[in-house]
Amino acid sequence: MAKRAVIIGAGESGVGAAILAKKQGFEVFVTDAGKVQDKYKDVLTKSDILYEEGKHSEEQIVNADLVIKSPGVPDKVPLVLRLREMEIPVISEIEFAGRYTEAKTICITGSNGKTTTTMMTYHLLKEAGFNVGLAGNVGQSLAWQVAERDFDYYVIELSSFQLDGMYEFKANVAVLLNITPDHLDRYDYQLQNYVDSKFRILQNQTEEDYFIYGADDPIIQKEIEKRNIPAICLPFGWTETPENGAGIKGEELLINWKQKSFNMSIFDIALQGRHNTYNSMAAGLTGMVLNIRNEKIRESLSDFKGVEHRLERFLRVHGIEFINDSKATNVNSTWYALESLSKPIVWIAGGVDKGNDYDALKDLVKDKVKAIICLGTDNRKIKEAFVDIVPDIIETQDMKDAVRSAYYLAKDGETVLLSPACASFDLFDNYEDRGRQFKMAVREL
């Protein structure tokens, strides 16, 4: 009799897991408490996979041999707790997919910069001629690709939520960019719980694997001292270049690896700014350990195009520049955005607060921000944090109103920056929806 796999969540990740489970001979059932998008309904129907929407029928779920859970579903919801009490394995789609592929994996995580670094690394491998897929938080579901494609490598962006559901999976190259407080509402407001989730990227690594990490990050440094890490450790940072690793000397990015060296001017990197130099070091180091030629690394880092919704310089209207940084869902991401701009800023911020501490932004806001447009259902924390610093703080409840308000406050030569520092789920489907609505509202001005 076929084993029964239940998938909780019918988005890209869940439907991909369902496709792979079906191919592997499981009896498959997909359940989603919300509405399933039409494109995913069509796939499930054509694949003859049973699904439900708008509810979780517990009797259809608790008889599973295996449950694959969407990363958006918290571990502490009653249904998941009951499954664990019944000792039914609950895993992530990435964990499930990893059981059915022999491909090498380059896994990238961090509180900030992981999407840009993932896309940059994928671009580098693809340009170098690798047979490579892009998965995780970007690209197509890993499970879906494992079911229908035959890649030799995968570049995978991993969130802490995905890492929480991974047990046997191994990263051949693990990249940990940085760790700053984020998603603390999912981790009992304990930073160490979140840190431990990020370090799960190292689980199952051996002496033949690689750990590339941000050496300037104090949390990472502290954790490394506490842990026994068998993988080859390669640091990168704004410091002197180590014997094996990456660093900056003057205006040069330098990488050393096994008696080989690479260098390029930081001004030749496609994406400018200190944070993007960090991202480029991580991608370049990955290229070096995969034996990609220096010329190809240099070419890829210099012609890479940025990521949508991340400091995306979108449009200029009557001399006012509109920048879409909807992907900035935590304080540290917004810090980088504010730090990278010089003109007076009208800042659109707000959403679902994840236990944010806005103190780190106060000096930048005082120096650069002339007005704040709050965009969220509950803006109290933002108003309290900046009421004594910024004279104009306006509350809005929809994107059109927020963009119009910002437009009226900004002047020729100034910048309107959408960089929310918060999650999007109070008013939008996700950060992509928030970014798209921002761009649509700007076009309508």
Calculate the spin-label point distance for SER340 paired with ILE389, positioning each point 7 Å from the Cα along the beta-carbon direction, and give it in nanometres.
2.0
Between segment 327-373 and segment 124-145, how far is it from one alpha carbon centroid to the other, in angstrom?
32
Which translational diffusion coefficient, to the nearest whole µm²/s, is obtained for segment 261-366 from the Stokes-Einstein equation, given a Kirkwood hydrodynamic radius over C-alpha pairs, 20 °C and 1.002 mPa s?
135
As an exercise, find the ratio Rg/Rh for segment 155-308 from alpha-carbon atoms, using the Kirkwood inverse-distance average for Rh.
0.97
Relative pair counts by distance (%), Cα atoms of segment 171-260, 5 Å bins:
3, 13, 21, 23, 18, 12, 6, 3, 1, 0
If Rh is defined by the Kirkwood formula over all Cα pairs and Rg also comes from Cα, what ratio Rg/Rh do you get for segment 211-261?
1.00
Which residue, SER261, SER419, SER197, tops the fluctuation ranking in a GNM of the chain built on C-alpha contacts under 10 Å?
SER261
Between ASP152 and LEU81, what is the FRET efficiency for a Förster distance of 35 Å, r being their Cβ-Cβ separation, to the nearest 0.05?
0.35
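Computed FRET efficiency, Cβ-Cβ of GLU59 and ASP426, R0 35 Å: what is it to the nearest 0.05?
0.60
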Over segment 3-86, with the other protein chains present, what is the accessible area per residue in square angstrom, probe 1.4 angstrom?
49
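Please state the relative contact order of the chain as a whole percent: Cα pairs under 8 Å, 6+ residues apart?
With pairs under 8 Å counted, the relative contact order is 11 percent.
What 222 nm value per residue comes from the helices of the chain, counting each DSSP H run with n ≥ 4 as -39,500 (n - 2.57) and dividing by all residues, nearest 500 deg cm²/dmol? Show your work: numbers first, answer last.
Numbers: 17 runs with 156 residues, N = 445.
Result for the chain: -10000 deg cm²/dmol, rounded to the nearest 500.
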Please give the net charge around ALA385, taking every other residue with its beta carbon less than 12 angstrom from that of ALA385, where Lys and Arg add +1 and Asp and Glu add -1.
0
List every DSSP H helix in the chain whose Cα atoms extend 20 Å or more along the helix's own long axis and whose mean Kyte-Doolittle hydropathy is at least -1.0.
274-289
Using protein chains only and a probe of 1.4 angstrom, how many square angstrom of ARG82 are accessible, to the nearest 10?
100
Separation between Cα centres of segment 209-248 and segment 382-444, rounded to whole Å
37
Overall Cα dimensions of segment 361-403 - principal axes, largest extent first, Å
28, 19, 15
Quick calc: nm separation of the 7 Å Cα→Cβ label points for ASP357 and LYS411 -> 3.7
Cross-link table LYS222/LYS249; LYS170/LYS354; LYS226/LYS368, entries beyond 31 Å C-alpha to C-alpha
LYS226/LYS368
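Skip the ligands, DNA and RNA, and give the accessible area per residue of segment 105-255 with a 1.4 Å probe, whole Å². Each step should come with its number before you reach the end.
Details: 5810 Å² over 151 residues.
So segment 105-255 comes to 38 Å² accessible per residue, rounded to a whole number.
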With r as the distance between the Cβ atoms of LYS39 and LYS296 and R0 = 30 Å, compute the FRET efficiency 1/(1 + (r/R0)^6) and round to 0.05.
0.25
Taking the C-alpha atoms of the chain, how large are the radius of gyration and the largest Cα-Cα span, Dmax, in Å?
22.3, 69
Listed residues VAL15, VAL195, VAL62, most fluctuating in the chain (Gaussian network, C-alpha, under 10 Å):
VAL62
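Taking all protein chains in place and a 1.4 Å probe, what share, in percent, of the accessible surface of segment 295-334 do carbon and sulfur account for?
Numbers: 770 of 1610 Å².
Solvent-exposed carbon and sulfur of segment 295-334 make up 48 percent of the total.
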Kindly count the pairs of lysines across segment 41-117 whose alpha carbons are less than 19 Å apart, treating pairs on different chains or eight or more residues apart as eligible.
5
Once TRP238, TRP257 are ranked on solvent-accessible area with the largest value leading and a 1.4 Å probe, the list reads TRP238, TRP257
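How big is the convex hull of the Cα atoms of segment 111-228, per residue, in Å³?
Numbers: hull volume 14.1 nm³, N = 118.
Measuring per residue, one finds 120 Å³ for the Cα hull of segment 111-228.
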Phi-derived 3J(HN,Hα) across segment 94-104 with the Karplus relation (6.51, -1.76, 1.60, θ = phi - 60°), rounded Hz, x for Gly and Pro, is 5, 4, 5, 4, x, 6, 10, 9, 9, 5, 6
Can you give the accessible area per residue of segment 334-376, in Å², using a 1.4 Å probe?
36
Over segment 304-445, what is the mean sequence separation of C-alpha contacts under 8 Å (at least six apart), divided by residue count, expressed as relative contact order in percent?
36
Have a look at GLU207, GLU312, GLU321 and tell me which one the Gaussian network model of the chain (Cα, springs below 10 Å) gives the largest fluctuation.
GLU207
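The values are calculated or read from the model by the stated rules, or taken from the named source; none is laboratory data. Here the structure is a predicted model, which means the values were calculated and not measured. Neighbour counts are summed over all protein chains in view; Cβ atoms, including those assigned to glycine, are modelled from backbone coordinates with ideal geometry. Each accessible area value is taken on the protein alone, full model and side chains, heavy atoms only, with ligands, DNA and RNA left out. Shrake-Rupley method; radii C 1.70, N 1.55, O 1.52, S 1.80 Å.
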